[in-house]
Amino acid sequence: MKNQTNANQCQRKEDLITYLYGEATPTEEKAFKQHLQECASCKKEMSEFAMVRESLQTWQTAEAPKIAMDLPLERPRSLKEILKELGTILPAWFKYGTGFAAAGAFSLLLLALFNTQIHYDKTGFSFQATLFGNKQQAVQNIKSSNSNADELVRSLVAKALSEKDAQINQVLEEKRAEIEKELRRQIDLLSGEISEKSNTELSKATLELKRQHQAELEKALQRIQTQSIKPSTSDDDDPFNLWGGINDKVLEKASEGSDPTGLSN
Amino acid sequence: MEISDNEIIERTLNGEIEAFNILVRRWERQIYGLAYRMLGRDEEAYDICQETFLAAYRNLNKFRGEAKFSSWLYRIALNCCHTRLRSRANNDLSLEQQLEDQGFEPVTDIEHLNDGLHRDQIAELVRRALAGMPPEMRQVIIMKEYQGLKFHEIAEVLNIPISTVKTRVYTGLEQLKQRLNHLKNLL
């Protein structure tokens, strides 16, 4: 160990004290002796402590006086002895009273153990006690009460749900009617626009057709007028002599004896 | 062969009351010495002795025999001493004793502490130096130096670790070294 000039900084204080009072084991003693050779502060402290111890031994007490004890009045007793003595000291009423109280307490304990049930209603008192199967009964009672509670909870939940459903349905219905009304309005608007547009186009087309027919008619009249001035060589060449041309052809076929209806055979 | 403390206790508990007086005679000197050095007054030391043995007798059925009877007895005695010390008022101490409680200058010449002093004078210095120490420190020094208890026995009495006992003894000796030198300078 590193030599120290101040014993307070050496970390072997406990070893020093153990060695000082001769309580070190042979191994510890040998090791600390070696340490003292190397640590001047511990060596110095050992010397100083030895002086202090020497001084302490100068203070000796005089012969101790004999202690006078009055023991018989204070003899220690066991719990059994105390209870026995208590039994002889206590008055009879206290002992009997204590006995009754203990019996009452015991009875209550038994009633509790036997699952005793006491009811009071309009019909009067009813008393029930079971030794065996009381647990099952209790469990059944608990189950029964639990099922009643479950039913009550279910009905309340169902009622609340139905009320909520009705509210939702009402809101939905109102929304649906509103949307339907809006749709109808939109459709009416669209159909109005469409009919107006189609009428306009129709009248335009009619006018156009009339105009075209008028033009055709005028052209046809001009041709007719032109042909009436210049006589035709054949009826077949006249595209406007529709009635005369057909009559001639039908009469021609009828003269050849053919049945145009095909029923004569 | 000497009858053991535990056998005497058993006999006492079995109704042989006078057997307890054997224990009183056996331990009264040590208990008196402990109380005297803790309190510094022989009348109080005697009272503490009586209180200690009476308390031990009354509670003898609570003694389990796990510790030595002497350790149990020392513990009772120290408890009685501490109660007595607490009841003392601070003004009970002299001005000089109060100054002693406030600390001292570092020691320079402990090697020559006892030079030129009569043995009774040194004993008086020791008494005063011990009286100025804290009771927790003083009791450890007394049990070690005057009662001759081993470190593990002191640890058993005080119910503290052995290392703590050694530390307290070391610190106690350091304080005594300083106090004794200081008192010597006052002479």
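The values are calculated or read from the model by the stated rules, or taken from the named source; none is laboratory data. This structure is a prediction, so every number in the text was calculated from the model and none was measured. Every residue, glycine as well, gets a Cβ built from its backbone with ideal geometry; the counts of neighbours run over all protein chains shown.
The table below gives the values:
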| item | result |
| --- | --- |
| Residue count for region B:143-161, restricted to those that are assigned to a helix (DSSP H, G or I), of a type in the set (A, V, I, L, M, F, W, C) and more than 9 Å from every other protein chain (Cβ to nearest Cβ) | 5 |
| Sole exception among (1) facing chain B (nearest Cβ under 8 Å); (2) at pLDDT 80 or above for A:Cys42, by number | (1) |
| B:Leu85, sole failed condition from (1) within 10 Å of another protein chain (Cβ to nearest Cβ); (2) modelled with pLDDT of 55 or more | (1) |
| Candidate set from region B:23-67 (those that are at the interface with chain A (Cβ under 7 Å from one of its Cβ atoms) and more than 27 Å from B:Arg88 (Cβ to Cβ)); member that is modelled with the lowest pLDDT | B:Asn61 |
| Some residue of region B:90-112 being part of a loop (DSSP other than H, G, I, E, B), at pLDDT 55 or above and either farther than 25 Å from B:Gln178 by Cβ or within 10 Å of chain A (Cβ to nearest Cβ) (or both) | no |
| Some residue of region B:168-182 being facing chain A (nearest Cβ under 9 Å) and outside any helix (DSSP H, G or I) | no |
| Residue match in region B:3-11 (condition: within 14 Å of chain A (Cβ to nearest Cβ) and of a type outside the set (A, V, I, L, M, F, W, C)) | yes |
| Members of region B:131-142 that are assigned to a helix (DSSP H, G or I) and either more than 13 Å from A:Gln60 (Cβ to Cβ) or in contact with a strand residue (DSSP E or B) (Cβ under 9 Å, 6 or more places away or on another chain) (or both) | B:Ala131, B:Pro135, B:Glu136, B:Met137, B:Arg138, B:Gln139, B:Val140, B:Ile141 |
| Residues of region B:12-22 that turn out to be within 7 Å of another protein chain (Cβ to nearest Cβ) and free of Cβ contacts under 8 Å to residues at least 12 places away in the same chain, as a count | 2 |
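The rows are residues; the columns are (1) over 60 Å from the mean Cα position of the chain (by Cα); (2) outside any loop (DSSP other than H, G, I, E, B); (3) more than 11 Å from chain B (Cβ to nearest Cβ).
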position: A:Gly22; (1), (2), (3): yes, no, no
position: A:His35; (1), (2), (3): yes, yes, yes
position: A:Ser47; (1), (2), (3): yes, yes, no
position: A:Ala50; (1), (2), (3): yes, yes, no
position: A:Glu54; (1), (2), (3): yes, yes, no
position: A:Thr58; (1), (2), (3): yes, no, no
position: A:Ala62; (1), (2), (3): yes, no, no
